[in-house]
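Enquirer: Have a look at the structure that comes next, please.
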Amino acid sequence: QLQASGGGLAQAGGSLRLSCAASGRTVSSYDMGWFRQAPGKEREFVAALRWSDSTVYADSVKGRFTISRSNAKNTVYLQMNSLKPEDTAVYYCAAPRDQYSSPQPNTSEYHYWGHGTQVTVSS
């Protein structure tokens, strides 16, 4: 089970940190991903932290967002800085079906999803 939290309202240029607490699986054994879905748009990839510790980011968030994890808390984070109104969306954390796999950064390759947390950025 994945539980996302930390969303809220921020002004443009501000910051938020999202958390994704996992139960039933060890986040360090999976490529953990963050996705987002804005109203009227398809869910899109934001960032992934691979079990190998490498990271992948969507071009739209590179240099502004940072994905990390705490093995002790079995939690994945998404630090979002320099927020823009176009970052407004529901953010979801996700994990693939298998440990130590290397899914492509798209929704079809992730099997387990949290409920999402709303991020709203005002201009």
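Each value in this text was obtained by applying a stated rule to the coordinates, not by laboratory testing. The structure presented is a predicted model; accordingly, all values stated were derived computationally and were not measured. Positions of Cβ are generated from backbone atoms using ideal geometry, with glycine treated the same way; all protein chains shown enter the neighbour counts.
Enquirer: Would you be so kind as to identify which of His115, Ser70, Ala12 lies farthest towards the positive end of the dipole of the chain, taking Lys and Arg as +1 and Asp and Glu as -1 on Cβ and the Cα centre as origin?
Expert: Among His115, Ser70, Ala12, the one farthest towards the positive end of the dipole of the chain is Ser70.
Enquirer: Next up: List the aspartates and glutamates whose Cα sits under 18 Å from the Cα of Lys41, skipping any in the same chain fewer than 8 residues away.
Expert: Asp59, Glu86, Asp87
Enquirer: If you stretched the chain out fully between Trp113 and Lys62, how much longer would it get, using 0.36 nm times the residue separation minus the C-alpha to C-alpha distance? Please list the in-between numbers first.
Expert: Values: separation 51, 0.36 × 51 = 18.36 nm, distance 2.28 nm.
So the extension gain works out to 16.1 nm.
Enquirer: Can you give the Rg/Rh ratio of segment 8-59, where Rg is from the C-alpha atoms and Rh is the Kirkwood radius?
Expert: Numbers: Rg = 13.3 Å, Rh = 13.1 Å.
My calculation of the ratio gives 1.02.
Enquirer: Relative to the Cα centre, what is the charge dipole magnitude of segment 40-123, using +1 at the beta carbon of each Lys and Arg, -1 at the beta carbon of each Asp and Glu, and rounding to the nearest 20 debye? Please report the intermediate quantities before stating the final value.
Expert: Values: 9 positive and 8 negative charges, 42 e Å.
The calculated dipole for segment 40-123 is roughly 200 debye.
Enquirer: Between the DSSP loop rule and a limit of at most 11 other Cβ atoms within 10 Å, which GluC sites (Glu not before Pro) in segment 1-101 are left? Before the final figure, lay out each step's value.
Expert: Details: sites: Glu42, Glu44, Glu86; in loops: Glu42.
Filter output for segment 1-101: Glu42.
Enquirer: Tell me, which longest segment in the chain has none of the trypsin sites (Lys or Arg not before Pro) that fall in DSSP loops with at most 12 further Cβ atoms within 10 Å?
Expert: On the way: sites that count: Lys41, Lys62, Lys73, Arg97.
Longest site-free region, per DSSP loop and neighbour criteria: 1-40.
Enquirer: Mind listing which chymotrypsin sites (Phe, Trp or Tyr not before Pro) in segment 1-109 are in a DSSP loop and have 15 or fewer other Cβ atoms within 10 Å? Please report the intermediate quantities before stating the final value.
Expert: Details: sites: Tyr30, Trp34, Phe35, Phe45, Trp51, Tyr57, Phe65, Tyr77, Tyr91, Tyr92, Tyr100; in loops: Tyr30, Trp51, Tyr100.
Passing sites in segment 1-109 are Tyr100.
Enquirer: Another question, if that's okay. Which FRET efficiency, nearest 0.05, do Ser123 and Ser5 yield, Cβ-Cβ r, R0 30 Å?
Expert: Numbers: r = 25 Å, r/R0 = 0.82.
Result of the calculation: an efficiency of 0.75.
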